[in-house]
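Colleague: Provided herewith is a single structure, encoded as C-alpha cells, for subsequent inquiry.
The values are calculated or read from the model by the stated rules, or taken from the named source; none is laboratory data. Everything numeric in this text was worked out from a predicted model, so none of it was measured. Every residue, glycine among them, receives a Cβ derived from its backbone with ideal geometry; neighbour counts consider all protein chains shown.
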Amino acid sequence: MRFREAEITSPATIANFGPGFDSFGLCLASPVDRITLKKDEGADFIIRVEGEHDAPLAPEENTASYAALKLAERCECEEKGFSMVIHKGMKPGSGLGSSAASSVGGAVAMAALLGVRDKRMILEAAAMGEELISGSRHFDNVAAALYGGFTFVSDQASRRIVRLEPPSFNVVVLLPEIEIRTGDARGILPANVSLPDAVQNLSWAAGMVHSMMAKDIDAIALNLNDRLAAPYRQGLIPGYAAVRESALNAGALAVSIGGSGPAIFAIAREGTDRIRDAMVEAIRSSAGLEAEAFVTKPGTGAKVVSVR
Ligand code: HSE
C-alpha cells in the first residue's frame, strides 16, 4: 500500500439526461460526497457516516466500502484494516446518483491509497457498488461521476465511455420529499419499445451529442426529451406535469427527470431563482409535496483532495 490516508470528493450526476437511458450522464458541480479512507491496522473495516443523510455501516452493504474492496481485490491487494468516514452530501433514492457518488468515491479513495490510476479499473469497481444498491450494473451515473462533464456509454458490452465537455448552463434541481427505489423505477419499464419510439429517441440522442460538442445550449434543450423511460416514470412523481409547465413558464429551456427520479431538473441560461421558486410552488400546490431545490452547473468529476 503506497499511502495511508486519502480524502476525495465525488459528485451528484444526472443519468439518462433526456434521451440517453442507461447511457448518458451529466456530472454536477454540487452536491458532493466527501470520503476519507485510512489504513487502520486495528480495524477490519470501520465505517462512520456523517451529515444529515444515512448509509449502511456494514462494509459489505455500504456501496462506498464495497466498491473500495472490489477495487483492492482487482489490484490483488490483500491488506486488511481500513476506516472510512463518509459525509453524504446527497439524499439516497433521490435520482441524483447518490449510490454512484459513493461507489465512485470509495473506488477512487482506494485507488489513491494504492497509487492506482487506471480509470477503467476504478469504473468497473464503482459499477459493482452501484449494482449492490440498484440491482443493475448500469454505467451512466458512475461514468459521469468519475470522468466529469457529459459522458455516454457508446458500447454497453465493452463499456466504452466517451466524455464530452459540456457548455456552462444552469441546472435547477427539485427534490420532492418522496423516495423512489431505482429497482422499482426500472421494474415498471416495458421490456420492449416500439420502433417509432426507438427511432425518435436515437434521433434526440444523436442531436444531444452533437449539441454538447457544438456547445449549443438551445439545441441541448431541444433534444432533452425521452420516450423510453420518462413517460412511464412520470406517474411515480406526483405533480410532475405541473412542475414541468411552471418551470417552462418561468423561463426554463427544458425539463426532465433526473435518473430514475424523483428529482426533476430544468436547464436554464438565467432566471434560476424564479424557476426554482416556481417548481417548489408547483409541486406544493399540485401534489401537496414539500421539496428542496437548488441551482448548480455541470461539474468536473470525482477529485482526490489529498493523499499521504
Ligand atoms: N439509468 C438508470 C435508470 C439511472 O434510469 O434506471 C438510475 O440509476
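Colleague: Do we find a residue being farther than 30 Å from VAL280 by Cβ, without any contact (Cβ under 8 Å) to a residue 12 or more places away in the chain and not assigned by TED's automatic domain parsing to the domain that holds GLY20 anywhere in the range 217-234?
Modeller: Just the residues of the range 217-234 that are farther than 30 Å from VAL280 by Cβ, to begin with: none.
No, because not a single residue in the range 217-234 is farther than 30 Å from VAL280 by Cβ, without any contact (Cβ under 8 Å) to a residue 12 or more places away in the chain and not assigned by TED's automatic domain parsing to the domain that holds GLY20.
Colleague: Kindly evaluate ALA198 against the criterion of being part of a loop (DSSP other than H, G, I, E, B) and more than 21 Å from the chain's Cα centre (by Cα). Can you show your working first?
Modeller: Values: part of a loop (DSSP other than H, G, I, E, B): no; more than 21 Å from the chain's Cα centre (by Cα): yes.
Against the criterion (part of a loop (DSSP other than H, G, I, E, B) and more than 21 Å from the chain's Cα centre (by Cα)), ALA198 does not qualify.
Residue-wise test of (1) in the same structural domain as ILE217 (by TED's automatic domain parsing); (2) within 11 Å of the ligand (Cβ to nearest atom); (3) among the hydrophobic types (A, V, I, L, M, F, W, C).
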residue	(1), (2), (3)
ASP140	no, yes, no
GLY148	no, no, no
THR151	no, no, no
GLN156	no, no, no
ARG160	no, no, no
PRO176	yes, no, no
ILE180	yes, yes, yes
GLY183	yes, yes, no
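Colleague: Looking at (1) more than 16 Å from the ligand (Cβ to nearest atom); (2) under 22 Å from GLY93 (Cβ atoms); (3) of a type in the set (Phe, Trp, Tyr), which is the only condition PHE17 fails?
Modeller: (1)
Colleague: Here is a list of conditions, (1) in contact with a strand residue (DSSP E or B) (Cβ under 6 Å, 6 or more places away or on another chain); (2) loosely packed, with under 14 Cβ neighbours inside 10 Å, and VAL172 meets all of them except one; can you say which number that is?
Modeller: For VAL172, the exception is condition (2).
Colleague: Applying the selection to the range 87-138, what residues are more than 16 Å from the ligand (Cβ to nearest atom), assigned to a loop (DSSP other than H, G, I, E, B) and surrounded by fewer than 19 Cβ atoms within 10 Å (Cβ to Cβ)?
Modeller: GLY115, ARG117, ASP118
Colleague: Here's something else I'd like to know. So which of ALA55, ALA12 ends up being more than 15 Å from the ligand (Cβ to nearest atom), within 29 Å of PHE294 (Cα to Cα) and among the hydrophobic types (A, V, I, L, M, F, W, C)?
Modeller: Values: ALA12 fails: more than 15 Å from the ligand (Cβ to nearest atom).
ALA55 is the lone residue from the list that is more than 15 Å from the ligand (Cβ to nearest atom), within 29 Å of PHE294 (Cα to Cα) and among the hydrophobic types (A, V, I, L, M, F, W, C).
Colleague: Also, I was wondering about something else. Only one of PRO31, PRO19, PRO59 is more than 24 Å from ALA157 (Cα to Cα), assigned to a loop (DSSP other than H, G, I, E, B) and of a type outside the set (Phe, Trp, Tyr); which?
Modeller: Details: PRO31 fails: assigned to a loop (DSSP other than H, G, I, E, B); PRO19 fails: more than 24 Å from ALA157 (Cα to Cα).
After applying the criteria, what remains is PRO59.
Colleague: In the set ALA278, ALA268, ALA252, which member is over 28 Å from SER136 (Cβ atoms), under 21 Å from the mean Cα position of the chain (by Cα), crowded, with 23+ Cβ neighbours inside 10 Å and not assigned by TED's automatic domain parsing to the domain that holds LEU37? Show your work before the answer.
Modeller: Numbers: ALA278 fails: under 21 Å from the mean Cα position of the chain (by Cα); ALA252 fails: under 21 Å from the mean Cα position of the chain (by Cα).
When all the criteria are applied, what remains is ALA268.
Colleague: On to the next question. What residue, among those in the range 25-50 that are hydrophobic (A, V, I, L, M, F, W, C) and surrounded by fewer than 24 Cβ atoms within 10 Å (Cβ to Cβ), is farthest from the chain's Cα centre (by Cα)? Give the derivation first.
Modeller: Of the range 25-50, the ones hydrophobic (A, V, I, L, M, F, W, C) are 26-29, 32, 35, 37, 43, 45-47, 49.
Restricting the remaining residues to those that are surrounded by fewer than 24 Cβ atoms within 10 Å (Cβ to Cβ) gives 29, 32, 43, 45-47, 49.
Details: ALA29: 11, VAL32: 10, ALA43: 31, PHE45: 26, ILE46: 25, ILE47: 22, VAL49: 20 Å.
Out of the qualifying residues, it is ALA43.
Colleague: Still on this structure, I have one more. If the Cβ limit is 9 Å and pairs must be 6+ apart or interchain, which residue in the range 148-160 that is farther than 15 Å from PHE21 by Cα pairs with which residue that is of a type in the set (Val, Ile, Thr) and assigned to a loop (DSSP other than H, G, I, E, B)?
Modeller: Here the result reads GLY148/THR300; GLY149/THR300, each pair linking the range 148-160 to a residue that is of a type in the set (Val, Ile, Thr) and assigned to a loop (DSSP other than H, G, I, E, B).
Colleague: Quick check on PRO262: is it under 20 Å from the mean Cα position of the chain (by Cα) and within 16 Å of the ligand (Cβ to nearest atom)?
Modeller: Details: under 20 Å from the mean Cα position of the chain (by Cα): yes; within 16 Å of the ligand (Cβ to nearest atom): yes.
The answer is yes for PRO262.
Colleague: In the range 232-246, what residues are in a loop (DSSP other than H, G, I, E, B) and within 16 Å of the ligand (Cβ to nearest atom)? Quick ask: steps written out before the conclusion?
Modeller: Just the residues of the range 232-246 that are in a loop (DSSP other than H, G, I, E, B), to begin with: 237-239.
Result: ILE237, single match.
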